[in-house]
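The values are calculated or read from the model by the stated rules, or taken from the named source; none is laboratory data. In this text the structure is predicted, and so the values were computed from the model without any measurement. For neighbour counting, all protein chains shown are included, and Cβ atoms are generated from backbone atoms with ideal geometry for every residue, glycine included. To get the accessible areas, we keep the full protein, side chains included, count just its heavy atoms, and leave off ligands, DNA and RNA. Shrake-Rupley method; radii C 1.70, N 1.55, O 1.52, S 1.80 Å.
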Amino acid sequence: MLVFKFGGASVKDADGLVNLAMVVKKFEGKQLLIVVSAMGKATNMLEKLTRAYIDGNDNVHVFFEDIKKYHFGIVEKLFELSDPIFDEVANTFVEIDWIIEDDPHDDHDFIYDQIVSMGEMVSTRIVSAYLNKVGIKCSWLDVRGYIQTDNNYREGNVLWNKTRAAIVRDIPGFLQKGLVITQGFLGGTSENFTTTLGREGSDYTASIFAACLGAESVTTWKDVQGVLNADPKFFEDTVKFDELSYAEAIEMTFYGASVIHPKTIKPLQNAKIPLLVKPFTDPDAPGTIIKDGVINQFVKPVIILKQNQVLLSISAKDYSFISEDHLSEIFGFFAQNHIKVNMMKSSALSFTVCLDFYEERFQKLLQELNMDFKVKYNGDLSLITVRHYTTASLNELTAGRTILVEQLSRNTLQLVVK
């Protein structure tokens, strides 16, 4: 059997769904489990709605209406007005209505997961209905009953034994009857609350199902030709990799390459399942295959850009050396606030880290650190990671930029720049 993942760009409009059906038809006769993300920029829209709700913004209902209008606009182009899908979509959105009717009382991350998850719930309803409409028999599956996680909202940790048992128990039987459509990015807790697996987590969802089911391969359908050495939105003259080793793919995703979710590769590597990254606009193109036994040659360096970074410098209030005890306390604060460290550098009197900036988490972190440490920070920065660098590539990347921190190892250079 095969596992496919279609991202938001592939289902952003009615034409995207028509194209998805065309791609799926090419694999007629194969057992297919299809993971689908939220449509287009729906996740961003839902995040905006969540922020407005938590802040008590009067525009919360305006934002919600925009979200509904976007989705119903797609449905209206694909279905007759009498089709049951209109009620199915409306009933799904009712879950958001119930939440925003009351004042926010719960933790921000919990609220985020309950609202933002509706993007995937709606998109899969529409995709499943459309495939059945055009004669591709499929069933809709609520992933929250299969991918079981802890209560770490926004970064749910998969409970593998429970997840594997649930998937192996039911999914093979469903696949015998036709295609299965399910949501990416989401999980469920033992209390039946929704969790998310981290932004862009639909790739990870696909790899979880593949590993549990012993799939032949996973294909993630993207709006690029495959895995490139850099993001073409920011860098010119990018090149595509025909093949990548699991190890190199893990390194790239660890440093922030957005084409694949960081946790995607490991379950596939353990099960020796290849991952194909292919363009949904040209399904016959070879794309990139990530698998075992590849020895990569790098014509150009791999460049990974992470924006919205903050550089945080921490020192003891009594000017003592930064010791192992200090670091243990600092990393305890990072763990409590679900802070990911992208780069770190230590000196005698200070410890400096580069972090993804999430306002609520960062402000809470600052409050905790300020009790025992002196803290300085710079925001609105970018982190550039260069693997397999050359002197010429470094000169080009640093031209005209203010470099705040530079860190160099045998294969990797990291620059925090303004």
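With labels modelled as points extended 7 Å from the Cα through the Cβ direction, what inter-label distance (nm, one decimal) is found for Val375 paired with Ala316?
That separation, rounded to one decimal, is 1.9 nm.
Would you work out what percent of the accessible area of the chain, with all protein chains in place, is carbon or sulfur (probe 1.4 Å)?
Here carbon and sulfur together make up 50 percent of the probe-accessible area.
Whole-Hz Karplus ³J(HN,Hα) for region 384-401, in order, using 6.51 cos²θ - 1.76 cosθ + 1.60 and θ = phi - 60°, x for Gly and Pro?
Ordered by residue, 3J(HN,Hα) equals 10, 10, 10, 9, 6, 6, 10, 4, 4, 5, 5, 4, 5, 6, 8, 4, x, 10 Hz.
Are there chymotrypsin sites (Phe, Trp or Tyr not before Pro) in region 246-343 that DSSP puts in a loop and that have at most 13 other Cβ atoms within 10 Å, and which ones?
Details: sites: Tyr246, Phe254, Tyr255, Phe280, Phe298, Tyr319, Phe321, Phe331, Phe333, Phe334; in loops: Tyr255, Phe280, Phe298, Tyr319, Phe321.
Qualifying residues, ordered by number: Tyr319, Phe321.
Rounding to the nearest 10 and keeping the result within 0 to 90°, find how far the Cα-based axis of helix 359-369 lies from the longest principal axis of the chain.
30
Can you tell me the accessible area per residue over the chain, all protein chains present, probe 1.4 angstrom, in square angstrom?
47
Given bins 10 angstrom wide, list per bin the percent of all Cα-Cα distances in the chain, short to long.
4, 20, 29, 27, 15, 4, 1, 0
Helix 160-177 versus the longest principal axis of the chain: what is the Cα-based angle in degrees, 0 to 90, to the nearest 10?
For 160-177 against the chain, the angle is about 30 degrees.
Cα axis of helix 202-213 to longest principal axis of the chain: angle in degrees, 0 to 90, nearest 10?
70
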